[in-house]
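Peer 1: Okay, here's the structure, questions in a sec.
Each value in this text was obtained by applying a stated rule to the coordinates, not by laboratory testing. Quick caveat, the model's predicted, so the values are computed rather than measured. Note that each Cβ is placed from the backbone with ideal geometry, even for glycine, and that neighbours are counted across all protein chains shown.
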Amino acid sequence: MSEPIKTDVLIVGAGPCGLFAVFQLGLLDMKAHLVDILDKVGGQCAELYPEKPIYDIPGVPYVTAQGHVDALMAQIKPFGATFHLQEMVETVEKIGDPLFRITTDRGTVFEAKVVVVAAGGGSFQPKRPPIPGIEAYEGTSVYYAVRQIEALRGKRLLIVGGGDSALDWTLNLAPVASHLTLLHRRSEFRAAPDSVNKMMALVGEGKIDFVLGQVAALQGEGGRVAKAIVKRNDGSNFEIACDAILPFFGLTMKLGPVVNWGLKMTDGGLIPVDTAAFETSVPGIFAIGDISWYPGKLKLILSGFHEAALMAQKAHRYVYPDKRLVFQYTTSSTSLQKKLGVS
Ligand SMILES: Cc1cc2nc3c(=O)[nH]c(=O)nc-3n(C[C@H](O)[C@H](O)[C@H](O)COP(=O)(O)OP(=O)(O)OC[C@H]3O[C@@H](n4cnc5c(N)ncnc54)[C@H](O)[C@@H]3O)c2cc1C
């Protein structure tokens, strides 16, 4: 086990509510680390609808979802939160009063006085393509995300899919792979037209191959794939020799490991909280944003922001049990303005 990273607060999920929690905690002098499974911050806003306009952020008549995430990142910059992306929080254990040990699927360990679960609809997880026996190759030669480009250098890569991830990784990995094939079941793409044009240009230059069809079976040994058997749309088969396969079939939201953290949950997989502090059934663990539940809960970004503000007030009691909290406005408090770097 690696040396634990000690922090006041560990936030599970870097969606809009996790991000705004950094602001509210920061105003009260609490430092935060955030962990998110995705390779970017912003949760549903960044992953599901970055270009869609949002019209109900208070005081902001119109902003795109990605624009809103960018604004939140600018707003929390003074507080220097640390982000651990492409990591999933797997376990949360109580080891003190209050002290929690949190571990991720990449072996990062944290010790935090407070845990804020801002896990939204749960963990985004890759959709597994319907290829018999694919599980045996996952993590050794079938990858649903690229964590280290260098690990793929010099390999024969087969990328499968027609969305933005498949096309982006085709473009990024083309210079790294010894040979790269993009496989998609049809000639229309969901990806940005600019990426499709760039991919087609690489095909034209003979740098990569693009083929139509679907992977029907994998062959290999000991978790190492050797070739994919591909079915053409006319039903005939052919083989593609490869060392690694990267299927990008989109993401689905699953509740994930949060069910094992000893928190009371509703039948619908939400975390009941009190509305005074948005604390869960375990003192010191809070839940805000879409994953929290209380009578009248609305799954709106603005609700999560309110929840973050009240959560921070109670979290302060755990992090600074001997300090009295004085309520202050950012407009008039010079001490808050100093923290924000504006005076
Ligand atoms: C198409 C669409 C349009 C919408 N429009 C609006 C709108 O106009 N106005 C509005 O207010 N709301 C809108 N919403 C809802 C809004 O996006 C959500 O309310 C908001 O994203 C909730 O934020 P969150 O931070 O709670 O969770 P999320 O945005 O879901 O973020 C949670 C994050 O937690 C991460 N996570 C989960 N489990 C783990 C784990 N174990 N380890 C590490 N990371 C984990 C996930 O990867 C994710 O990034 C819309 C939603 C959709 C899908």
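Peer 1: To the nearest whole percent, what portion of all C-alpha pairs in the range 1-106 is separated by more than 20 angstrom? Please list the in-between numbers first.
Peer 2: Details: 2399 of 5565 pairs.
In whole percent, the long-distance tail amounts to 43.
Peer 1: Sticking with this structure for a sec: Within the range 1-93, list the trypsin sites (Lys or Arg not before Pro) lying in a DSSP loop whose Cβ has at most 16 other Cβ atoms in a 10 Å radius.
Peer 2: Answer in residue order: LYS40.
Peer 1: Are there GluC sites (Glu not before Pro) in the range 168-233 that DSSP marks as loop and that have at most 10 other Cβ atoms within 10 Å, and which are they? All intermediate terms of the calculation are to be shown ahead of the outcome.
Peer 2: On the way: sites: GLU188, GLU205, GLU221; in loops: GLU188, GLU205.
Sites meeting the loop and neighbour criteria: GLU188, GLU205.
Peer 1: For LEU255 and ARG324 in the same chain, what is the full-extension length gain: residue separation times 0.36 nm, less their Cα-Cα distance, in nm? Display every interim value, and only then the final one.
Peer 2: Values: separation 69, 0.36 × 69 = 24.84 nm, distance 3.69 nm.
This chain segment gains 21.1 nm when fully extended.
Peer 1: Same structure, new question: With the chain treated as a Gaussian network of Cα nodes joined by springs under 10 Å, which of ASP56, ASP97, ASP267 yields the largest mean-square fluctuation?
Peer 2: ASP267
Peer 1: I would also like to ask the following. Of all chymotrypsin sites (Phe, Trp or Tyr not before Pro) in the range 271-329, which ones are in loop regions per DSSP and have a Cβ with at most 14 other Cβ atoms within 10 Å?
Peer 2: Details: sites: PHE278, PHE286, TRP293, PHE305, TYR318, PHE327, TYR329; in loops: PHE278, PHE327, TYR329.
Passing both the DSSP loop test and the Cβ count: PHE327, TYR329.
Peer 1: Still on this structure, I have one more. Quick one: net charge around LEU298, please, counting Lys, Arg +1 and Asp, Glu -1 for every other residue with C-beta under 13 Å from its C-beta.
Peer 2: Details: positive: LYS297, LYS299; negative: ASP56, ASP290, GLU307.
Net charge in that neighbourhood comes out at -1.
Peer 1: LEU99 versus GLU135, label points 7 Å from Cα toward the beta carbon: distance in nm?
Peer 2: So the label points at LEU99 and GLU135 sit 3.9 nm apart.
Peer 1: For LYS127, which sequence-distant residues (separation of 5 or more, or a different chain) have an amide H within less than 5 Å of its own amide H, given hydrogens modelled in the peptide plane?
Peer 2: Residues meeting the amide H criterion: PHE249, GLY250, LEU251, THR252.
Peer 1: Turning to a different aspect of this structure: Normalised by the number of residues in the chain, what is the relative contact order in percent for Cα pairs under 8 Å and 6+ residues apart? Present the calculation step by step, with values, prior to reporting the outcome.
Peer 2: Numbers: 703 pairs, mean separation 65.9, N = 343.
Contact order relative to length: 19 percent.
Peer 1: Checking the cross-link filter: which lysines have an alpha carbon closer than 17 Å to that of LYS40, excluding same-chain neighbours under 8 positions apart?
Peer 2: The reachable lysines, counting only those whose Cα sits under 17 Å from LYS40, are LYS77.
Peer 1: Going by the alpha-carbon gyration tensor, a ≥ b ≥ c the square roots of its eigenvalues, is the range 130-204 rounded (a/c under 1.5) or, if a/c is not under 1.5, prolate (a/b greater than b/c) versus oblate? Write out the running numbers ahead of the final one.
Peer 2: Numbers: a/c = 2.01, a/b = 1.31, b/c = 1.54.
Oblate is the answer for the range 130-204, as a/c is 1.5 or above yet b/c matches or exceeds a/b.
Peer 1: If you don't mind, there's one more thing I want to ask. Residue separation times 0.36 nm, minus the C-alpha to C-alpha distance between VAL203 and ARG317: what's the value?
Peer 2: Working: separation 114, 0.36 × 114 = 41.04 nm, distance 5.99 nm.
So the chain would gain 35.0 nm between VAL203 and ARG317.
Peer 1: Give me the extension gain from ALA217 to LEU85: residue separation times 0.36 nm, minus the current Cα-Cα distance, reported in nm with one decimal. Display every interim value, and only then the final one.
Peer 2: Numbers: separation 132, 0.36 × 132 = 47.52 nm, distance 3.19 nm.
That pair, ALA217 and LEU85, stretches by 44.3 nm at full extension.
Peer 1: Determine, from the Cβ-Cβ distance of THR275 and LYS52 and an R0 of 22 Å, the FRET efficiency 1/(1 + (r/R0)^6), rounded to the nearest 0.05.
Peer 2: Values: r = 29 Å, r/R0 = 1.33.
Between THR275 and LYS52 the formula returns 0.15.
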